[in-house]
1. Pairs needed: first member in the stretch 20-44, over 22 Å from residue 7 (Cα atoms); second member anywhere, of a type in the set (S, T, N, Q); C-beta distance under 7 Å; at least 6 residues apart or different chains.
2. Applying the selection to the stretch 99-129, what residues are at pLDDT 70 or above, of a type in the set (Val, Ile, Thr) and closer than 20 Å to residue 167 by Cβ?
3. Answer with yes or no whether residue 76 is over 27 Å from residue 145 (Cα atoms) and without any contact (Cβ under 8 Å) to a residue 60 or more places away in the chain.
4. Give me a count of the residues in the stretch 18-62 that are surrounded by 11 or more Cβ atoms within 10 Å (Cβ to Cβ) and hydrophobic (A, V, I, L, M, F, W, C).
5. Filter the stretch 29-76 down to the residues that are under 43 Å from the mean Cα position of the chain (by Cα) and closer than 30 Å to residue 18 by Cβ and list them by number.
6. Filter the stretch 5-28 down to the residues that are among the aromatic types (Phe, Trp, Tyr) and assigned to a loop (DSSP other than H, G, I, E, B) and list them by number.
7. Scan the stretch 120-164 residue by residue and report those that are over 38 Å from the mean Cα position of the chain (by Cα) and acidic (Asp, Glu).
8. Determine if the stretch 91-98 includes at least one residue that is small (Gly, Ala, Ser) and at pLDDT 80 or above.
Amino acid sequence: MPEAHLRYQSAAALADDVGRFLRHEPITARSAGPLYVLGRLSRRHRLATAVLAVAVVGFTALGAVAVINSIEAQRQSTRAELAAARSQDVRRVLESTFGGIGTSVALGRDRQMLTDLLERTTDSFLQSIAERDPIATAEVAAILGRAWTDLALPVRAIEVLDAASRTRRTSIDASESCHRPCHDRRRSSSSGKHSR
(Lines give C-alpha, C1' and ligand atoms only; values in the text may rest on other atoms or scores of the structure.)
Protein backbone atom coordinates (compact mmCIF):
# COMPACT_ATOMS: atom_id res chain seq x y z
CA MET A 1 0.00 0.00 0.00
CA PRO A 2 1.28 3.47 -0.83
CA GLU A 3 2.51 5.72 1.91
CA ALA A 4 -0.20 7.65 3.71
CA HIS A 5 1.30 11.06 2.93
CA LEU A 6 1.13 10.25 -0.81
CA ARG A 7 -2.60 9.50 -0.73
CA TYR A 8 -5.50 11.93 -0.77
CA GLN A 9 -6.67 12.76 2.70
CA SER A 10 -10.31 12.51 1.68
CA ALA A 11 -12.63 11.75 -1.20
CA ALA A 12 -13.33 15.49 -1.45
CA ALA A 13 -9.60 16.16 -2.03
CA LEU A 14 -9.59 13.52 -4.77
CA ALA A 15 -12.74 15.02 -6.33
CA ASP A 16 -11.13 18.49 -6.13
CA ASP A 17 -8.04 17.22 -7.99
CA VAL A 18 -10.20 15.46 -10.61
CA GLY A 19 -12.07 18.75 -11.11
CA ARG A 20 -8.76 20.60 -11.50
CA PHE A 21 -7.59 18.01 -14.01
CA LEU A 22 -10.78 18.37 -16.07
CA ARG A 23 -10.46 22.19 -15.99
CA HIS A 24 -6.81 21.86 -17.17
CA GLU A 25 -5.46 23.27 -13.93
CA PRO A 26 -2.43 21.87 -12.07
CA ILE A 27 -3.35 19.06 -9.64
CA THR A 28 -2.08 18.86 -6.07
CA ALA A 29 -1.13 15.17 -6.19
CA ARG A 30 2.14 15.89 -7.94
CA SER A 31 4.75 18.61 -7.75
CA ALA A 32 4.05 21.31 -10.29
CA GLY A 33 7.15 22.10 -12.37
CA PRO A 34 7.24 25.17 -14.63
CA LEU A 35 6.66 23.18 -17.86
CA TYR A 36 3.74 21.30 -16.30
CA VAL A 37 2.12 24.55 -15.14
CA LEU A 38 2.74 26.17 -18.53
CA GLY A 39 1.25 23.16 -20.32
CA ARG A 40 -1.87 23.26 -18.17
CA LEU A 41 -2.15 27.04 -18.63
CA SER A 42 -1.87 26.73 -22.42
CA ARG A 43 -4.54 24.00 -22.50
CA ARG A 44 -6.83 26.16 -20.39
CA HIS A 45 -6.35 29.23 -22.65
CA ARG A 46 -6.03 27.73 -26.12
CA LEU A 47 -7.04 30.83 -28.09
CA ALA A 48 -4.61 33.10 -26.25
CA THR A 49 -1.86 30.49 -26.66
CA ALA A 50 -2.55 30.24 -30.40
CA VAL A 51 -2.52 34.04 -30.79
CA LEU A 52 0.72 34.26 -28.83
CA ALA A 53 2.30 31.49 -30.93
CA VAL A 54 1.28 33.22 -34.17
CA ALA A 55 2.67 36.52 -32.87
CA VAL A 56 5.99 34.91 -31.91
CA VAL A 57 6.29 33.22 -35.31
CA GLY A 58 5.33 36.47 -37.06
CA PHE A 59 7.85 38.57 -35.15
CA THR A 60 10.53 35.95 -35.75
CA ALA A 61 9.77 35.99 -39.49
CA LEU A 62 9.84 39.80 -39.55
CA GLY A 63 13.16 39.76 -37.74
CA ALA A 64 14.57 37.26 -40.23
CA VAL A 65 13.36 39.38 -43.16
CA ALA A 66 14.91 42.49 -41.60
CA VAL A 67 18.24 40.72 -41.14
CA ILE A 68 18.18 39.40 -44.72
CA ASN A 69 17.34 42.88 -46.07
CA SER A 70 20.12 44.41 -43.99
CA ILE A 71 22.63 41.90 -45.33
CA GLU A 72 21.50 42.54 -48.92
CA ALA A 73 21.70 46.32 -48.42
CA GLN A 74 25.24 45.92 -47.09
CA ARG A 75 26.16 43.79 -50.12
CA GLN A 76 24.72 46.39 -52.50
CA SER A 77 26.57 49.14 -50.68
CA THR A 78 29.81 47.19 -51.00
CA ARG A 79 29.15 46.61 -54.72
CA ALA A 80 28.49 50.33 -55.21
CA GLU A 81 31.69 51.23 -53.38
CA LEU A 82 33.65 48.78 -55.54
CA ALA A 83 32.08 50.18 -58.71
CA ALA A 84 32.94 53.72 -57.61
CA ALA A 85 36.51 52.67 -56.88
CA ARG A 86 36.78 51.01 -60.31
CA SER A 87 35.39 54.15 -61.93
CA GLN A 88 37.96 56.27 -60.10
CA ASP A 89 40.73 53.89 -61.20
CA VAL A 90 39.61 54.14 -64.84
CA ARG A 91 39.42 57.93 -64.58
CA ARG A 92 42.93 58.06 -63.08
CA VAL A 93 44.31 55.83 -65.85
CA LEU A 94 42.68 57.97 -68.53
CA GLU A 95 43.90 61.14 -66.84
CA SER A 96 47.44 59.83 -66.57
CA THR A 97 47.37 58.55 -70.16
CA PHE A 98 45.77 61.50 -71.89
CA GLY A 99 45.89 64.30 -69.31
CA GLY A 100 49.58 65.00 -69.68
CA ILE A 101 49.74 65.10 -73.47
CA GLY A 102 50.22 68.84 -73.67
CA THR A 103 50.48 70.78 -76.88
CA SER A 104 54.27 70.50 -77.15
CA VAL A 105 54.21 66.69 -76.92
CA ALA A 106 51.14 66.40 -79.13
CA LEU A 107 52.75 68.37 -81.91
CA GLY A 108 55.99 66.35 -81.75
CA ARG A 109 56.89 63.06 -83.38
CA ASP A 110 54.46 60.96 -81.29
CA ARG A 111 51.42 62.84 -82.53
CA GLN A 112 50.18 60.11 -84.91
CA MET A 113 50.51 57.40 -82.28
CA LEU A 114 48.66 59.56 -79.74
CA THR A 115 45.98 60.41 -82.28
CA ASP A 116 45.44 56.72 -83.15
CA LEU A 117 45.27 55.73 -79.48
CA LEU A 118 42.93 58.58 -78.66
CA GLU A 119 40.79 57.78 -81.72
CA ARG A 120 40.29 54.15 -80.61
CA THR A 121 39.52 55.21 -77.04
CA THR A 122 37.08 57.90 -78.17
CA ASP A 123 35.27 55.57 -80.60
CA SER A 124 34.87 52.94 -77.87
CA PHE A 125 33.66 55.61 -75.45
CA LEU A 126 31.09 57.02 -77.89
CA GLN A 127 29.73 53.57 -78.80
CA SER A 128 28.86 52.72 -75.21
CA ILE A 129 28.14 56.20 -73.84
CA ALA A 130 24.46 55.49 -73.08
CA GLU A 131 25.38 52.58 -70.78
CA ARG A 132 27.50 54.70 -68.46
CA ASP A 133 26.77 56.76 -65.40
CA PRO A 134 26.19 60.36 -66.58
CA ILE A 135 28.61 61.88 -64.06
CA ALA A 136 31.38 59.43 -64.91
CA THR A 137 30.61 60.03 -68.61
CA ALA A 138 31.09 63.77 -68.15
CA GLU A 139 34.42 63.23 -66.38
CA VAL A 140 35.74 60.89 -69.08
CA ALA A 141 34.46 63.20 -71.84
CA ALA A 142 36.28 66.14 -70.24
CA ILE A 143 39.54 64.16 -70.17
CA LEU A 144 39.14 63.03 -73.80
CA GLY A 145 38.06 66.53 -74.86
CA ARG A 146 41.18 68.10 -73.28
CA ALA A 147 43.34 65.47 -74.99
CA TRP A 148 41.79 66.26 -78.40
CA THR A 149 42.29 69.98 -77.75
CA ASP A 150 45.95 69.34 -76.84
CA LEU A 151 46.33 67.52 -80.16
CA ALA A 152 45.03 70.68 -81.84
CA LEU A 153 41.87 68.87 -83.01
CA PRO A 154 39.09 70.85 -81.28
CA VAL A 155 36.37 69.54 -83.63
CA ARG A 156 36.82 66.02 -82.21
CA ALA A 157 36.85 67.47 -78.68
CA ILE A 158 33.53 69.20 -79.32
CA GLU A 159 32.03 65.96 -80.67
CA VAL A 160 32.97 64.05 -77.49
CA LEU A 161 31.77 66.82 -75.17
CA ASP A 162 28.48 67.22 -77.06
CA ALA A 163 27.77 63.48 -76.82
CA ALA A 164 28.44 63.55 -73.07
CA SER A 165 26.26 66.63 -72.67
CA ARG A 166 23.36 65.01 -74.56
CA THR A 167 23.65 61.90 -72.36
CA ARG A 168 23.64 64.05 -69.23
CA ARG A 169 20.59 66.05 -70.38
CA THR A 170 18.74 62.83 -71.28
CA SER A 171 19.42 61.33 -67.85
CA ILE A 172 18.33 64.54 -66.10
CA ASP A 173 15.12 64.71 -68.17
CA ALA A 174 14.37 61.04 -67.46
CA SER A 175 15.05 61.54 -63.76
CA GLU A 176 12.78 64.57 -63.57
CA SER A 177 9.95 62.85 -65.45
CA CYS A 178 10.11 59.89 -63.06
CA HIS A 179 10.00 62.07 -59.95
CA ARG A 180 7.47 64.69 -61.04
CA PRO A 181 3.76 63.73 -60.96
CA CYS A 182 1.85 63.87 -64.25
CA HIS A 183 -0.35 66.79 -63.20
CA ASP A 184 2.75 68.90 -62.46
CA ARG A 185 4.06 68.24 -65.98
CA ARG A 186 0.71 69.23 -67.51
CA ARG A 187 0.56 72.36 -65.39
CA SER A 188 4.09 73.42 -66.36
CA SER A 189 3.44 72.73 -70.06
CA SER A 190 0.13 74.61 -70.00
CA SER A 191 1.66 77.56 -68.13
CA GLY A 192 4.31 77.77 -70.86
CA LYS A 193 1.56 78.15 -73.51
CA HIS A 194 -0.14 80.98 -71.61
CA SER A 195 3.03 82.96 -71.06
CA ARG A 196 3.79 83.18 -74.77
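1. Going by the 7 Å Cβ cut-off, the qualifying pairs are 42/49.
2. 121, 122
3. On the way: over 27 Å from residue 145 (Cα atoms): yes; without any contact (Cβ under 8 Å) to a residue 60 or more places away in the chain: yes.
So residue 76 passes the test.
4. Looking only at the stretch 18-62, we keep the residues that are surrounded by 11 or more Cβ atoms within 10 Å (Cβ to Cβ), and these are 18-21, 24-29, 32, 36-45, 48-53.
Of the ones still in play, those that are also hydrophobic (A, V, I, L, M, F, W, C) are 18, 21, 27, 29, 32, 37-38, 41, 48, 50-53.
Qualifying residue count, the stretch 18-62: 13.
5. Pass one, the stretch 29-76, residues under 43 Å from the mean Cα position of the chain (by Cα): 42, 46-76.
Those that are under 43 Å from the mean Cα position of the chain (by Cα) and closer than 30 Å to residue 18 by Cβ: 42, 46, 47, 48, 49, 50, 51, 52, 53.
6. Taking the stretch 5-28 and keeping what is among the aromatic types (Phe, Trp, Tyr), we get 8, 21.
Answer for the stretch 5-28, where residues must be among the aromatic types (Phe, Trp, Tyr) and assigned to a loop (DSSP other than H, G, I, E, B): just 8.
7. First, pick out the residues of the stretch 120-164 that are over 38 Å from the mean Cα position of the chain (by Cα): 148-156.
Across the stretch 120-164, the qualifying residue is only 150.
8. Our first condition is that a residue be small (Gly, Ala, Ser); within the stretch 91-98, this holds for 96.
Adding the requirement that they be at pLDDT 80 or above leaves none.
No - not one qualifying residue is present in the stretch 91-98.
The values are calculated or read from the model by the stated rules, or taken from the named source; none is laboratory data. Because the structure is a prediction, the values reported are computed rather than measured. Here the Cβ is made from the backbone with ideal geometry for all residues, glycine too, and neighbour counts use every protein chain on show.
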